[in-house]
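Below: the structure, in structure tokens.
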Amino acid sequence: MPLDIVILGPPGAGKGTQGKLIAADAGIPHVNTGDMFRAECAAGTELGERVRSILDVGDLVPDELTIEVVRARLGQDDTARGFVLDGFPRTLAQAEALDRVLAEIDRGELSVVLDFQVADEIAVQRLLGRAGVEGRSDDTPDRIQYRLEVYHEQSEPLVEYYRARGILVGIHADRTVEQVFSEVQQVLAAAQQSGS
């Protein structure tokens with residue numbers, strides 16, 4: 001049975017870090033829409049040019065574009081054993097579209113949705129720290145605040161959407177990377193047992 005995972009949480013919750021660890025540990029691809037879009041921008045592709053100005057101000061890429069990119073990625077052979085979706089879905093419309101994509105590729109229900117919970121103040125500190133290391137254009141104080149507001153408004157409803165389906169697990173993401181990953185591993189082991 002494939003291990004199909006979605007990671008939710010505000011900017012700075014550690015989704016990317018944990019997504020990479022989960023993917024490496026489980027031998028499944030880490031599908032990060034933000035990274036995919038930034039790679040397109042760096043490569044100067046047509047898609048990259050379309051999304052560059054959206055990403056620079058911290059807005060969400062329109063649903064139809066994001067869904068198109070995710071559908072193409074999940075249709076690739078390396079996702080047969082599962083995937084870690086990070087950065088998608090971010091809106092209820094995207095969550096419903098993901099359900100349709102999973103049905104199209106005969107996947108059914110997600111294995112588990114991890115909700116990385118962290119206070120805004122901690123998220124801001126982490127993102128400002130990351131800005132110094134990675135130099136991302138959307139990691140400035142104003143943009144960070146805006147991205148957190150967008151998250152609370154557009155993405156928080158997903159928590160209830162997945163909780164109602166019984167597949168949401170809250171993760172306290174304000175601890176060390178190792179502590180968070182240890183909890184994640186326990187959750188995934190339980191999800192695999194209940195799915196097998």
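Some observations on this one:
- Just one of the listed residues (V6, V70, V31) is assigned to a helix (DSSP H, G or I) and at pLDDT 90 or above, and it is V70.
- Evaluation of S111 against the conditions (1) polar (S, T, N, Q); (2) closer than 23 Å to I5 by Cβ; (3) without any contact (Cβ under 8 Å) to a residue 24 or more places away in the chain shows that the sole unmet condition is (3).
- Selected residue (only one of D99, D106, D139, D59 is among the charged types (D, E, K, R), in a loop (DSSP other than H, G, I, E, B) and either over 30 Å from T176 (Cα atoms) or free of Cβ contacts under 8 Å to residues at least 12 places away in the same chain (or both)): D106
- Among the numbered conditions (1) part of a loop (DSSP other than H, G, I, E, B); (2) among the charged types (D, E, K, R); (3) crowded, with 17+ Cβ neighbours inside 10 Å, the only one that R126 does not meet is (1).
- Filter result for I54 (in contact with a helix residue (DSSP H, G or I) (Cβ under 8 Å, 6 or more places away or on another chain) and part of a helix (DSSP H, G or I)): no
- Test: residue in the range 123-139 that is of a type in the set (S, T, N, Q) and closer than 22 Å to F37 by Cα: yes
- Applying a threshold of 6 Å to beta carbon distances and a minimum spacing of six or more residues, or different chains, the list of pairs starting in the range 172-187 at a residue that is touching a residue at least 12 places away in the same chain (Cβ under 8 Å) and ending at one that is hydrophobic (A, V, I, L, M, F, W, C) and in a helix (DSSP H, G or I) reads A173/V180; D174/I122; F181/L21.
- For the range 1-30, taking the residues that are touching an Asp or Glu at 6+ places or on another chain (Cβ under 7 Å) and among the aliphatic types (A, V, I, L, M), the one that is surrounded by the fewest Cβ atoms within 10 Å (Cβ to Cβ) is identified as I7.
- Residues that are among the small types (G, A, S) and part of a helix (DSSP H, G or I) within the range 111-123 comprise just one, A123.
- Residue selected from the range 69-82 under the condition touching a helix residue (DSSP H, G or I) at 6+ places or on another chain (Cβ under 9 Å) and without any contact (Cβ under 8 Å) to a residue 40 or more places away in the chain, by the criterion surrounded by the most Cβ atoms within 10 Å (Cβ to Cβ): V70
- Of all residues making up the range 104-135, the number that are basic (K, R) and out of contact with any strand residue (DSSP E or B) (no Cβ under 9 Å at 6 or more places or on another chain): 2
- Condition met for G58 (over 17 Å from D35 (Cβ atoms) and crowded, with 17+ Cβ neighbours inside 10 Å): no
- Within the range 151-172, being buried (at least 17 other Cβ atoms within 10 Å of the Cβ) and under 17 Å from A119 (Cβ atoms) holds for Y151, S155, I171.
- Whichever residue in the range 151-173 is charged (D, E, K, R) and outside any helix (DSSP H, G or I) and, among such residues, is modelled with the highest pLDDT: R165
The values are calculated or read from the model by the stated rules, or taken from the named source; none is laboratory data. Being a predicted model, the structure only gives us computed values, none of them experimental. FYI the Cβ positions are ideal-geometry reconstructions off the backbone, even for glycines, and counts take in every protein chain you see.
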